[in-house]
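The values are calculated or read from the model by the stated rules, or taken from the named source; none is laboratory data. Since this is a predicted model, take the numbers as computed values, not measurements. Backbone-built Cβ (ideal geometry, glycine too); neighbour counts: all protein chains shown.
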Amino acid sequence: MKKQNYLFILLCLFLSIHTQGQAQNQSVAKQIIKVESGDLKLTLMVGNDDRLYQLGFGAKDKEIAAPTGMPSRESEFLPPYGNGVITEPAVQATHTDGNTSTELRYVSHKQEAVSDDIQLTTISLKDPAYPFFVDIFIKSYKSTSMMEIWNTIRHEEGEGKVVLYRYASASPRFQSSQYWVTQFIGDYSREANLSEERLSEGIKVLDSKLGIRATQMRIPSFILSVGQPARENEGEVFAASLKWPGSFQLAFEVDWEKNLRVLTGINPIGAQYYLDRGETFTTPAILWTYSKKGKGETSRQFHHWAMKYSVRDPQKNRPVLLNNWEATYFTFDEKRITGLFDGAKQVGAELFLLDDGWFGNGEYSRDHDRQGLGDWQVSTKKLPSGLSYLAKEAKKRKIGFGIWLEPEMVNPKSELYNKHPEWIITQQKREPILGRNQETLDLTRPEVQKFEWEIIDNTLRPNPGISYVKWDCNRYVTQPGSSYLSPQEQSHLLIDYNNSLYRLMDKFANGFPNVMAMLCSGGSGRVDYGSLHYFHSFWPSDNTDPLRRIKIQWGFGHFFPANTIAAHITRMGNRSLKLAIDVALSGALGIDMALDKTTAEERAQLAEGVRLYKESIRDLVMRGDLYRLVSPYEFPMAALSYVAPDKNKAVVYFYQTEDGKVPSVKLNGLDASKKYSVKEINLAKGTSSRFTADQKIFTGEELMNNGIDNPLSAQAESAVFELKMVE
């Protein structure tokens with residue numbers, strides 16, 4: 001009897017513990033929210049305290065179990081400031097009654113199919129003590145393993161304004177023993193250089209405080225490798241890019257338990273935002289992708305997403321253009337320009353782009369960069385017949401005609417500045433600071449918004465022959481003050497400016513849908529997917545020395561497809577014309593040369609390069625998959641290829657960046673079972689290939705396992721190969 005009582009007591013105790021455990025698990029996790037996008041999965045949990053916690057962010061096939069105990073406050077998905085969270089906050093606000101703390105509790109969520117490929121998840125949060133609301137949006141693109149995350153903030157509090165101090169677009173959390181971050185840094189003429197480092201405990205901040213064209217020193221994109229340094233074809237790698245052209249902040253905080261929080265968004269320095277009741281503040285979106293196969297795969301995922309959902313007219317070939325800037329600078333007339341049209345036609349260019357210097361009259365004629373900017377009337381001295389005349393002359397030669405614009409800027413020496421000195425961005429009681437002899441127009445002003453649209457509209461609408469625009473922006477903000485905004489709203493300036501800029505870009509793209517456009521900002525000062533949505537390509541650098549361009553284009557290719565990267569042939573660096581052509585053949589091809597001052601042999605060489613590009617290469621560059629084969633950061637050469645989606649064709653580039661030897665280069669992305677002919681193209685006239693693989697046939701497996709033997713060893717040597725499937 002005693003034994004039976006003992007067993008009964010043990011059974012009751014077991015059932016009690018089991019029931020308590022179940023109740024505890026049920027109370028810890030009210031809901032699990034899963035967001036999946038291809039190979040990437042985000043797992044969130046609504047806790048029994050109604051807070052939103054992150055349980056996982058990474059591989060889709062990794063099972064994430066609900067915790068048995070309450071997670072720490074540091075694992076909140078969007079941690080708020082002032083009520084228990086002690087790490088970097090994603091949201092920081094002061095309420096209308098002066099309370100500096102914020103609490104965010106789950107209200108509801110919904111997941112809806114936008115299309116067969118896109119799902120939108122919306123999660124609504126609210127402060128339990130205030131009518132203060134945050135909605136998180138997560139758009140997932142399953143075909144590309146991409147997630148686009150942003151949020152909105154609004155309130156219905158009483159009299160006064162809520163002040164926003166922090167407003168991260170997203171702040172996912174990672175758990176590993178090691179983290180490596182790669183940033184893309186530089187400055188004017190040395191953009192997008194890779195720099196990788198291991199993160200230690202504490203905070204690493206990558207940012208820009210430039211206000212506009214803010215990507216000059218660093219682009220708002222990065223690679224995060226988990227467990228080891230980033231590798232091209234193996235390892236867990238995340239890649240992210242912020243859709244914002246203004247000041248940004250990318251903050252990486254490793255806490256005391258080796259957890260990493262990554263906060264991304266608008267740089268909050270000097271940018272507190274005073275939010276009226278009922279007004280909505282929307283953060284820019286951050287794009288995330290993930291791969292178990294290294295950073296090469298994340299690049300291709302970004303490219304596929306961009307071609308499908310972001311870049312304008314992705315299937316339209318970017319025209320081979322001739323730009324007059326290197327040929328003429330500010331000194332030209334109609335005869336010189338139409339003469340360059342003849343050269344453009346001779347080498348096979350499809351469009352002529354007239355750069356800076358075509359406007360301004362009288363005292364402020366645009367004869368140099370110290371005057372005339374802002375006075376957008378066609379120069380009667382240089383171009384008495386007008387722009388439509390030039391467009392018609394170009395059309396006679398069967399080439400298009402494009403124009404350079406810089407609508408956001410003004411020279412102090414201009415009629416516009418004399419008429420409206422209050423329109424510029426500057427600080428009162430301070431001596432104005434010029435950049436490239438110019439000031440920035442205050443785009444928060446309605447009259448400036450109207451004026452800048454009229455610059456575009458009055459240039460393009462009366463001249464329908466203009467089919468291309470190069471939109472430039474040659475300085476950043478050093479004195480962020482506005483005579484239009486109220487004293488309290490001065491910190492809104494750079495946010496409102498860039499939101500107004502997006503509206504202007506959108507109006508341009510919709511108002512002139514058949515006009516192609518290139519982003520340019522003194523080089524690559526404005527390279528972000530928010531801006532690129534309205535453009536076809538961007539200018540990666542004013543440094544067109546082909547030997548330097550190799551690394552510049554290599555860096556940008558980590559996030560942006562080749563059809564967006566303008567690559568022009570020039571004389572900069574005094575390199576061989578062959579190298580200049582070979583490097584430019586790997587992007588959106590253009591020419592910046594005085595063709596009327598080239599030799600007949602040089603023009604023939606240019607014409608052959610353009611012919612090869614249009615007939616054999618362009619389709620692969622525009623729509624192929626990028627494979628980086630040999631890194632110039634690890635070896636004395638760079639090698640890359642573009643492979644057709646059906647894997648029937650490829651183009652391969654070898655560039656010797658330094659003296660040295662890489663004996664062979666293994667290809668990637670081919671079909672192992674197919675046979676390919678290998679042919680070196682763009683050989684200098686009268687020379688034959690030095691490559692033993694030339695004119696031979698190999699299986700894809702042989703080319704990927706054994707590679708192409710490489711005889712190149714001297715700096716600035718180069719080669720281009722065309723691969724075609726053979727039966």
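A few notes on this one:
- Selection within the range 308-351 - among the basic types (Lys, Arg) and surrounded by fewer than 21 Cβ atoms within 10 Å (Cβ to Cβ): Lys308, Arg312, Lys316, Lys335, Arg336, Lys345
- Matching residues in the range 190-221 - criterion: being part of a loop (DSSP other than H, G, I, E, B) and either more than 15 Å from the chain's Cα centre (by Cα) or farther than 17 Å from Gly523 by Cβ (or both): Arg190, Leu199, Ser200, Glu201, Lys209, Leu210, Gly211
- The single condition from (1) of a type outside the set (A, V, I, L, M); (2) under 13 Å from the mean Cα position of the chain (by Cα); (3) outside the structural domain of Glu201 (by TED's automatic domain parsing) that Ser299 fails is (3).
- Looking across Arg231, Arg198, Arg213, one residue alone is of a type in the set (Lys, Arg), farther than 19 Å from Glu253 by Cβ and surrounded by fewer than 19 Cβ atoms within 10 Å (Cβ to Cβ). It is Arg231.
- If only residues of the range 573-588 that are among the aliphatic types (A, V, I, L, M) and more than 18 Å from Ala638 (Cβ to Cβ) are counted, the one that is surrounded by the fewest Cβ atoms within 10 Å (Cβ to Cβ) is Leu577.
- Check on Phe252, among the hydrophobic types (A, V, I, L, M, F, W, C), touching a Leu at 6+ places or on another chain (Cβ under 6 Å) and free of Cβ contacts under 8 Å to residues at least 60 places away in the same chain: no
- Looking across Val662, Val720, Val678, Val652, one residue alone is surrounded by 14 or more Cβ atoms within 10 Å (Cβ to Cβ), of a type in the set (Val, Ile, Thr), touching a residue at least 24 places away in the same chain (Cβ under 8 Å) and assigned to a loop (DSSP other than H, G, I, E, B). It is Val662.
- Residue, nearest to the chain's Cα centre (by Cα), within the range 318-342, restricted to residues that are part of a loop (DSSP other than H, G, I, E, B) and either closer than 18 Å to Asp592 by Cβ or modelled with pLDDT under 95 (or both): Arg318
- Filter result (of a type in the set (Lys, Arg) and either in contact with an Asp or Glu (Cβ under 9 Å, 6 or more places away or on another chain) or touching a residue at least 12 places away in the same chain (Cβ under 8 Å) (or both)) within the range 374-408: Lys381, Lys382, Lys392, Lys395, Arg397, Lys398
- Filtering the range 474-503 to residues that are in contact with an Asp or Glu (Cβ under 7 Å, 6 or more places away or on another chain) and crowded, with 21+ Cβ neighbours inside 10 Å leaves Asn474, Ser482.
- Restricting attention to the range 343-357, the residues being in a helix (DSSP H, G or I) and either touching a residue at least 60 places away in the same chain (Cβ under 8 Å) or in contact with a helix residue (DSSP H, G or I) (Cβ under 6 Å, 6 or more places away or on another chain) (or both) number 4.
- Wholly enclosed strands (runs of 3 or more DSSP E) of the range 69-156 bearing at least 1 residues among the charged types (D, E, K, R) and within 25 Å of the chain's Cα centre (by Cα): 132-141, 146-155
- When Asn437, Asn499 are screened for being of a type outside the set (Gly, Ala, Ser), modelled with pLDDT of 95 or more, closer than 24 Å to Phe560 by Cβ and in the same structural domain as Leu353 (by TED's automatic domain parsing), only Asn499 passes.
- If you filter the range 178-189 down to residues that are more than 18 Å from the chain's Cα centre (by Cα) and in a strand (DSSP E or B), you find that the one that is surrounded by the fewest Cβ atoms within 10 Å (Cβ to Cβ) is Trp180.
- Scope the range 411-446; condition of a type in the set (A, V, I, L, M, F, W, C) and either touching a strand residue (DSSP E or B) at 6+ places or on another chain (Cβ under 8 Å) or outside any loop (DSSP other than H, G, I, E, B) (or both); matching residues: Leu416, Trp423, Ile424, Ile425, Leu441
- Considered as a group, the residues in the range 47-86 that are at pLDDT below 95 and hydroxyl-bearing (Ser, Thr, Tyr) include one that is farthest from Phe238 (Cα to Cα), and that residue is Thr68.
For every residue, the table says whether it meets (1) under 17 Å from the mean Cα position of the chain (by Cα); (2) not β-branched (Val, Ile, Thr).
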position: Arg549; (1), (2): no, yes
position: Gly555; (1), (2): yes, yes
position: Ala584; (1), (2): no, yes
position: Glu601; (1), (2): no, yes
position: Val630; (1), (2): no, no
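- Taking every residue in the range 481-497 that is free of Cβ contacts under 8 Å to residues at least 12 places away in the same chain and pairing it with any residue that is assigned to a loop (DSSP other than H, G, I, E, B), at least 6 positions away or on another chain, the pairs with Cβ-Cβ distances below 7 Å are Gln490/Gly481; Gln490/Ser482.
- Inside the range 226-241, residues that are outside any loop (DSSP other than H, G, I, E, B) and closer than 22 Å to Pro561 by Cβ make up a count of 5.
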